[in-house]
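The values are calculated or read from the model by the stated rules, or taken from the named source; none is laboratory data. Small disclaimer: the values here were computed from a predicted structure and weren't measured. Virtual Cβ from ideal backbone geometry, glycine too; neighbours counted across all protein chains shown.
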Amino acid sequence: MNTVKNLPFFLLMLIIASVSTFLPAIYALMIEEFHDARSFFYAGLIGLILTSFLGISMATRPHNKSALRQLVALLAGFALLPVMLAVPFHEAVRNTSFSSAYFEMVSAMTTTGATLFEPDRLSGPEHLWRAQVGWLGGLLMWVAASAIMAPLALGGFAISTGGTPGHSVGEGSARSGESDPAARLLRATQELFPIYTGLTVALCIMLLVAGDPPLIAVSHAMSVMSTSGISPIGGVAASPSGMAGEMIVFCFLFFALSRLTFSPDTGQNTGTGLLYDPEFRMGLVIVLIVPTVLFLRHWVAAYEVGDEQNIAAGFRALWGGLFTGLSFLTTTGFVSSDWTSAQGWSGLATPGIILMALAILGGGVATTAGGVKLLRVFALYANGAREIEKLIHPSSVGTSGPVMRRIRWEGAFISWVFFMLFAVTLAVLTMILGLYGLDFEASVTLTVASLANTGPLISVAPAMAIDLIALDPSAKLILCGAMVLGRLELLAIIVMISPESWRG
């Protein structure tokens, strides 16, 4: 364990990526896809040999002694590791460019789930590889949130811990009393990997029982836990498991609303339980309000055409809104099979702006979800509510306790800064994509989908489908950068390039 702990974080990611290629190779061999089997096996074997040599040469020197260096390695994992992951995928597909393969791997690694390929263009092992890369990216975020982001007060942790982004917090975050970053990384992996794997296996078994074939069940289980939205059939709407499968997936999507649903290791647990967690409660409120408003709009439209007696269609429309709303709030992006029927029942066009807003809000801090994060939204809401209260009662004193006071003031300030950075980034990227001849709707959709790590938005939100394959290769690289930026967040990038952070 000491030898593994001392290896560079990025090298450990390379070793895991090399070993992971053997799973699609075995699957390809079982279904007699020999070209795919050779592509994945040889790529994994060569990668494992090279990384083993590097590991042997670097094992005598301790690494991972700085959380900031681990943060830089995390950036390299999302930006450079897909180069290695794209090699077997490019070789297996054969009729695609390496830039497209790289885009696909960045999209999977950042749990964005945007794809350049129609489902029938890829083989089963290639679909499994995409889902597997997305699953590993989700696991990486679970571990990095606990071992890297929380000690540095990044990724939303500055709101609840009171730390300054880029500087180690005093206590209460990821057991920061454990001063060795390498030991913290190892401990986080040992604690979270069994939970993440166990939940994935449990979901997969449930989907198999519900009627999904093995490849679909495994891929969707990995996609739901990683919130990547990757599917070998284009989404859960086409799954043989039907509504039963959607209900199972719906239950597991709640793990992306709050870290407390699976682990209290980041110090946000106040001892009052999950139902009192502000992120989880805000997520529940949003998930209930948005489908209810859509349902009422549906019902009014149905009343206008004399179809208000169709109770079954009404409830299916409500379910379609509930499932799709939670899916996009967690940045998974799966669409319910009843989403289309709900629109037909009410005569309502695709509410793409609502789905984009849900994706921008995002899920919980330290989960696999992307977006702005619910905790920042709650901090701004709490600050606004307190300011309104002071307007009505200027002499009033807040009585919510020190944690809420910190969230209302320091947390709200940091959240506002992040919102402004997010808005400026969105505007700049939209203008850059417009230079490639894309119209405003397409540019905004691509930017939001990339920054919020919600790739399915590209096919669901706009009125006209966006042809990603036709994009210029440089535009694809810009989208790759946006996906990495959305996954790590701009504050983390600023910390990495800040001289004060390294001097501190």
>> Restricting to segment 445-475, count the residues that are farther than 17 Å from residue 230 by Cβ, assigned to a helix (DSSP H, G or I) and under 19 Å from the mean Cα position of the chain (by Cα).
In response: 5
>> If I go through segment 48-98 residue by residue, how many of them are crowded, with 18+ Cβ neighbours inside 10 Å and aromatic (Phe, Trp, Tyr)?
In response: 2
> Would you pick out the residues in segment 450-474 that are crowded, with 18+ Cβ neighbours inside 10 Å and more than 18 Å from residue 332 (Cα to Cα)?
Replying inline: 466, 468, 471
> Considering only segment 120-156, how many residues are farther than 23 Å from residue 43 by Cβ, in a helix (DSSP H, G or I) and of a type outside the set (Phe, Trp, Tyr)?
Replying inline: 9
>> Would you confirm whether or not segment 217-234 contains a residue that is over 27 Å from residue 279 (Cα atoms), surrounded by fewer than 21 Cβ atoms within 10 Å (Cβ to Cβ) and touching a helix residue (DSSP H, G or I) at 6+ places or on another chain (Cβ under 7 Å)?
In response: yes
> What number goes with the only condition from (1) more than 17 Å from the chain's Cα centre (by Cα); (2) more than 24 Å from residue 320 (Cα to Cα); (3) modelled with pLDDT under 95 that residue 215 does not pass?
Replying inline: (3)
> Of the residues that make up segment 322-337, is at least one assigned to a helix (DSSP H, G or I) and modelled with pLDDT under 90?
Replying inline: yes
